[in-house]
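Quick notes on the structure that follows.
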Amino acid sequence: MTRHQRKTRRGAVLAMVIVMLALLQLTVISSVKGTTDDTDEAVLRVQTLRAFYASESGALIALAEDLRGNTPPSTGETLVLPNATATFLETPWDDGNNILEVEGQADAAHRRIQVGLE
C-alpha cells in the first residue's frame, strides 16, 4: 500500500466519523425536543388541576361563610390562594338567582365551577 492510498483511506474514515457524529447529534436533539414537549404538557396539567381546585375552594369557602352567618364573597371579588386565584363571577347573595359561579386561574389555565342552590 502506498502513502497516497493510506492518506485517502484516512480521509474517508474521517469523513465517515463526521457523518456519524452529525447523525448522532440529530438523534439527540430530536429526543430532547420530545422531552421538552412532554414537560410542557405536564406543567399544563398541573396548572389545570390548580385552577380547578382554586374554583372548588372558592365555592366551598363562599358556602361555608354563608352557613356560618358571615358575609360571603360578592360578585367580582377575588380570593388569592398560594398558587392560584378564585374569582366569584356570579353569587346568589348578590343576584338572587341561586347560582354560584367561581372561576379558578393558575397561570394560563382557567376552570369554572357552577353550583346550583335550592
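Do we have any residue at all in segment 34-44 that's surrounded by 15 or more Cβ atoms within 10 Å (Cβ to Cβ) and at pLDDT 90 or above?
no
Please go through segment 103-114 and give me each residue that is aliphatic (A, V, I, L, M) and surrounded by 16 or more Cβ atoms within 10 Å (Cβ to Cβ), ordered by number.
Answer for segment 103-114, where residues must be aliphatic (A, V, I, L, M) and surrounded by 16 or more Cβ atoms within 10 Å (Cβ to Cβ): A106, A109, I113.
Do you know which of the residues in segment 72-102 that are of a type outside the set (A, V, I, L, M, F, W, C) and touching a helix residue (DSSP H, G or I) at 6+ places or on another chain (Cβ under 6 Å) is surrounded by the most Cβ atoms within 10 Å (Cβ to Cβ)?
It comes out as P73.
Go through A62, A86 for me and flag whichever is of a type outside the set (F, W, Y), under 25 Å from E118 (Cβ atoms) and modelled with pLDDT of 95 or more.
A86
For residues that are touching a Gly at 6+ places or on another chain (Cβ under 8 Å) and either hydroxyl-bearing (S, T, Y) or closer than 16 Å to Q47 by Cβ (or both), tally how many sit in segment 78-100.
Here the count works out to 4.
The values are calculated or read from the model by the stated rules, or taken from the named source; none is laboratory data. Bear in mind that the values here come from a model prediction, so they are computed numbers and not experimental data. Quick reminder, even Gly has a Cβ in these numbers, built from the backbone with ideal geometry, and neighbours come from all protein chains shown.
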